[in-house]
Amino acid sequence: MATKRRNLYLYLTLICFFGIIAIFIVDGYMGIYDTVYITAEEREQKIESDIWQRNSPYWSIGVTQGEKAFIRYEVDNRQFSSYEADIQVSVWRMQEKVSDVLAQQVTIEAFSKAEIEWTIDSAELVPPDAQPEQRLDYTLTIKSGEMERNIILYINPTPSSAIKLVPAPPR
């Protein structure tokens, strides 16, 4: 009987230790995680889930006028149940919707991922009365279920229009 009581504290300690480890795994790993990959101007930027949870809910990317931005949205379901969501992507400027880019429903099985890809052509977003040297700001909004992600899309002037030639002083 004495040996059972002596090992009792060891067993309680092990149960507490594994309980704490289980809490860290469930709290830190389980859930729905989304990642946005944006390729523009020959570079890819990766925006992970933890970036959205910081103080600033916005991220930014620049695209040269007339070029395209290739966007890939990855949703990672780290739950024991399947995940269903309506994914809606739109472009906004000055709190007015410019265009709807994508509307799609996804169903992701437990511990699986889904990827959605689309392209944004900056030439379609630039208004006809815009100056070639003018930089324009847009907001790309991605709604996935209850999550909303906002990415500031800067449309930069083409390099040749941004350079102003100054005439040489007369001699």
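Structure above, values below:
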item	result
When residues of the stretch 61-75 are limited to those that are over 19 Å from GLU133 (Cα atoms) and open to solvent by less than 50 Å² (accessible area, probe 1.4 Å), the one nearest to the chain's Cα centre (by Cα)	TYR73
Set GLU109, GLU117: member being within 14 Å of the chain's Cα centre (by Cα) and open to solvent by 100 Å² or more (accessible area, probe 1.4 Å)	GLU117
VAL106 vs. criteria in a strand (DSSP E or B), within 23 Å of ASP34 (Cα to Cα) and in contact with a Phe, Trp or Tyr (Cβ under 6 Å, 6 or more places away or on another chain)	no
Checking SER112 against (1) out of contact with any Asp or Glu (no Cβ under 9 Å at 6 or more places or on another chain); (2) more than 17 Å from ILE142 (Cβ to Cβ), the condition it does not meet	(1)
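Here's the yes/no breakdown for (1) open to solvent by 50 Å² or more (accessible area, probe 1.4 Å); (2) at pLDDT 90 or above; (3) part of a loop (DSSP other than H, G, I, E, B); (4) closer than 30 Å to PRO159 by Cβ:
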residue	(1), (2), (3), (4)
ARG6	yes, no, no, no
VAL36	no, yes, no, yes
ALA85	no, yes, no, no
TRP92	yes, yes, no, yes
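The values are calculated or read from the model by the stated rules, or taken from the named source; none is laboratory data. The model shown is predicted, which means the values in this text are computed figures rather than measured ones. No Cβ is skipped: glycine too gets one built from the backbone with ideal geometry, and neighbour counts run over all protein chains shown. Ligands, DNA and RNA are stripped out before the accessible areas are found, and what is left, the full protein with its side chains, is counted by its heavy atoms. Shrake-Rupley method; radii C 1.70, N 1.55, O 1.52, S 1.80 Å.
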